[in-house]
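Notes to accompany the following structure.
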């Protein structure tokens, strides 16, 4: 969904030729002049390197998991290409949830009590969420209100997970553009998160469903942009909003699912904004709308309000 939304947006900009890679088991995407299909027996990293070497700029849609996004970015940087996103060093920081937590604390960004799984305090009470240090989405996450079960569950994950205090409130996110320490808010979103037993899952949300918090999110966007040198392009930030308090959970240095409806929600082409951000000497944020647009990962549908 993110790939197709990005292809749609870039296809509306005159003078661009877009190349995209695609798993051969999937439907060939529209809105690209060149589609390179990837077979299972191919060396995908060699193929990606060849594709990146032949273009001017690169938009990478990949998870932080196992350092994939960082590795792809480092490859594009080594080839001297313009990456329409964060630097490899910024991705390394933002992609590690423990390092991000330490950065939040040192830059006075409100967050939740967080611990390395191998260094839990003895005085823990209440409920907690366990997540991989380098995870994307809700993969590998679990909820516990029984501390005995929590400690048992993380025994085999002590080197890979963090434990974060569970905070009641609205699961939210915001989308922003950033570069050279400046942040520009694009949308303020509601996330649909379900917790069933220990299982945590993400099902979509409402882009601009939290538009009333635009001022607070703008302040946080600027703080985050300043706190992580090299953070650039489209960035998504997950947080919890409770009784006028905002708690930042993590920074996603890449496209997020909120991008799928962003063009419709803000009434302006975010791909054009990305190009202006990286290729213009001075970036001027255009006037944007704040329409509410609902999207679901269950039905891949969207509804404008």
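The values are calculated or read from the model by the stated rules, or taken from the named source; none is laboratory data. Quick caveat: nothing in here was measured; it's all calculated off a predicted structure. Cβ placement follows ideal geometry from the backbone for every residue including glycine, while neighbour counts extend to all protein chains displayed.
Residue 231 passes every criterion in (1) more than 16 Å from residue 262 (Cβ to Cβ); (2) surrounded by fewer than 23 Cβ atoms within 10 Å (Cβ to Cβ); (3) touching a strand residue (DSSP E or B) at 6+ places or on another chain (Cβ under 9 Å) apart from (2). Screening 190, 200 for residues that are crowded, with 16+ Cβ neighbours inside 10 Å, at pLDDT below 90 and farther than 14 Å from residue 250 by Cα leaves exactly one candidate, 200. Restricting attention to the stretch 102-123, the residues that are part of a loop (DSSP other than H, G, I, E, B) and in contact with a helix residue (DSSP H, G or I) (Cβ under 6 Å, 6 or more places away or on another chain) add up to 3.
Does any residue of the stretch 140-148 turn out to be outside the structural domain of residue 251 (by TED's automatic domain parsing), assigned to a strand (DSSP E or B), closer than 29 Å to residue 59 by Cα and in contact with a helix residue (DSSP H, G or I) (Cβ under 7 Å, 6 or more places away or on another chain)?
The answer is no, given that none of the residues of the stretch 140-148 is outside the structural domain of residue 251 (by TED's automatic domain parsing), assigned to a strand (DSSP E or B), closer than 29 Å to residue 59 by Cα and in contact with a helix residue (DSSP H, G or I) (Cβ under 7 Å, 6 or more places away or on another chain).
Going through (1) at pLDDT below 95; (2) within 24 Å of residue 269 (Cα to Cα) one by one, residue 67 falls short only on (2).
Here residue 99 fulfils each of the conditions (1) surrounded by fewer than 17 Cβ atoms within 10 Å (Cβ to Cβ); (2) outside any strand (DSSP E or B); (3) not assigned by TED's automatic domain parsing to the domain that holds residue 249 apart from (3).
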